[in-house]
Amino acid sequence: MSKLGNLGARLHRGEVGYDFVKNRKIWYGVSILITILAVAGLAVRGLNMGIEFQGGAVFTTPKNTSASVSQAEAYAEDASGHDAIVQKLGDGTLRIQVAGIDTDAANKIKNTLAGDFKIDTEQINAELVGPSWGEQIANKAWQGLGIFLVLVVIYLAIAFEWRMAIAAFVALIHDITITVGIYALVGFEVTPGTVIGLLTILGYSLYDTVVVFDSLKEQTKDITKQTRWTYSDVANRSINSTLVRSINTTVVALLPVAGLLFIGGGVLGAGMLNDISLSLFVGLAAGAYSSIFIATPLVADLKEREPQMKALKKRVLAKRAKGETPETETGDEAYADEPEDVAPAVVGPRNQPASRTRGRGRPSGKRR
């Protein structure tokens, strides 16, 4: 078995681990700081909305145009009087976007660009994009996002409980805010591809969170009938038992997305790949982070405000203060008064049951 696989097995058994819940205030602080930076970037710089949302014209030059990207950008800005975005596509053509112009202005710009590039006017393809189409996309995206969040809260409240629904909702808002803020700070263009990527990461983030919640639900059955583990202990065990799985799925998902972002977008200069891959890359990373460091610790905070969980925590701490900690309990006596379906939530090796060593090393009573 590989080292990572062995670590995953030990984490699942509770032999090793990290106390995520105990240090939750650190993770909350980190998340609040990142969120503030994202909101500040959004407020100061704003989003660079694509032509699909603003309206304008898109001009495509023939293959192997002699002008460079910077020259084409200067030509387009001089001809239109507006800012222009120029991208060199993989086949050698130039894609020039000019926002906020109408049909008459587009025809004039096309003729001017043909003269600058020293080509025939018919060789430049011009497409006019109306702002109403982008507005419809934005409205549908907001509607889809709202319906998605409502259904998620309802489902989690029914399948698990309302505290887990609230925690998952907070984690999703956390992921959306960070992703949108990164777009504002980086200055990448927001296109329909960005909207698609943003909606995609929500499902992935929710998947990671539900995996941990399912483990937590199973391990907290009849938790109030024992006095060895608090709800936070079990929550921490749930995170550790699914940690390697979450890391593996996140890394496997991030590798092809990173290829799209850094190779497809950065090296090949494919603009649409940048739009969708950045939202996926940031969202996948934020979703894995929130499921581990935000959602489950928040559930533990909410649950331990219940009177039953407060009383349980008081009994557990009182028992540990007397020296009756899980580390000092040995043999079958340590589990005699506890339900068998409650799994320990803190790290540390378990002692082997006495029945496994019973009779070993004893003489059989027969002489050879």
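Here is how the numbers come out for the structure above:
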| read-out | value |
| --- | --- |
| Virtual spin-label span in nm between residue 320 and residue 18, 7 Å along Cα→Cβ | 2.0 |
| Principal axis dimensions, segment 172-235 - Cα atoms, whole angstrom, descending | 55, 19, 11 |
| Residue-span extension gain [residue 247 to residue 64] - 0.36 nm each, minus C-alpha spacing | 61.5 nm |
| Extension reserve of the residue 158-residue 43 stretch, reckoned as 0.36 nm per residue once the Cα distance is removed | 37.7 nm |
| Measure of compaction for segment 12-74 (Cα Rg per 2.2 N^0.38 Å) | 2.25 |
| Estimated FRET transfer efficiency when R0 is 41 angstrom, pair residue 30-residue 112 (beta carbons, to 0.05) | 0.20 |
| All lysines inside 17 Å of residue 310 as judged from Cα atoms, apart from same-chain residues fewer than 8 positions distant | 22, 221, 225, 319 |
| Spatial separation of Cα centroids for segment 102-117 and segment 45-86, in angstrom | 12 |
| Reduced Cα scattering model of segment 129-223, Debye log10 I(q)/I(0), q = 0.14, 0.17, 0.23 Å⁻¹ | -0.61, -0.81, -1.20 |
| Residue 224 versus residue 104: modelled label distance in nm, points set 7 Å from Cα along the beta carbon direction | 7.6 |
| Under 17 Å from the Cα of residue 108 - lysines, other chains or at least 8 residues apart | 118 |
| Added length on full extension, which subtracts the Cα-Cα distance from 0.36 nm per residue, residue 308 to residue 137 | 56.8 nm |
| Qualifying trypsin sites (Lys or Arg not before Pro) in segment 96-153, DSSP loop, other Cβ atoms within 10 Å at most 13 | 118 |
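All of the numbers you see were taken from the coordinates with simple rules; none came from a lab. As the structure is a prediction and not an experimental result, all values here were calculated from the model. Note: ideal-geometry Cβ built from the backbone for every residue, glycine included; neighbour counts use all protein chains shown.
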